[in-house]
Amino acid sequence: MDELDGDPPRKLWTVAEAAEAAGVDPSVIRQWKCRGKLAPVNPGRGRPRFRAVDVLKAEAATRERAHRAA
């Protein structure tokens, strides 16, 4: 997946797309949402969509907290 083709601040991902880009299971994206680490741009309106840059920031912060390399 070309993660940030186009306009990165406007790129939106589904749970599955976000999980693929972050290298995690879709359940992790849902956990980040429930824990307030990742906010959907369309709360309460069908399937959640997440800004690509927000997903990548949440993944980087999680990796940093876990002291893992990329």
Problem - Number of positions in region 34-56 that are open to solvent by 40 Å² or more (accessible area, probe 1.4 Å), small (Gly, Ala, Ser) and closer than 15 Å to Ala18 by Cα - result: 1
Completion exercise
So, first residue free of Cβ contacts under 8 Å to residues at least 40 places away in the same chain in region 54-67, second residue surrounded by fewer than 10 Cβ atoms within 10 Å (Cβ to Cβ) and of a type in the set (Gly, Ala, Ser), Cβ within less than 7 Å, six or more apart or across chains; the pairs are Arg63/Ala70
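Yes/no matrix, rows are residues, columns are (1) in contact with a Gly (Cβ under 7 Å, 6 or more places away or on another chain); (2) modelled with pLDDT under 90; (3) open to solvent by 70 Å² or more (accessible area, probe 1.4 Å); (4) not in a loop (DSSP other than H, G, I, E, B):
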site	(1), (2), (3), (4)
Ala16	no, no, no, yes
Ser27	no, no, no, yes
Ala58	no, no, no, yes
Arg63	no, yes, no, yes
His67	no, yes, yes, no
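The values are calculated or read from the model by the stated rules, or taken from the named source; none is laboratory data. Keep in mind the model is a prediction, meaning the values are calculated, not measured. With ideal geometry, Cβ positions are generated from the backbone for all residues, glycine too; neighbour counts draw on all protein chains shown. Accessible surface areas use protein heavy atoms only, side chains included; no ligands, DNA or RNA. Shrake-Rupley method; radii C 1.70, N 1.55, O 1.52, S 1.80 Å.
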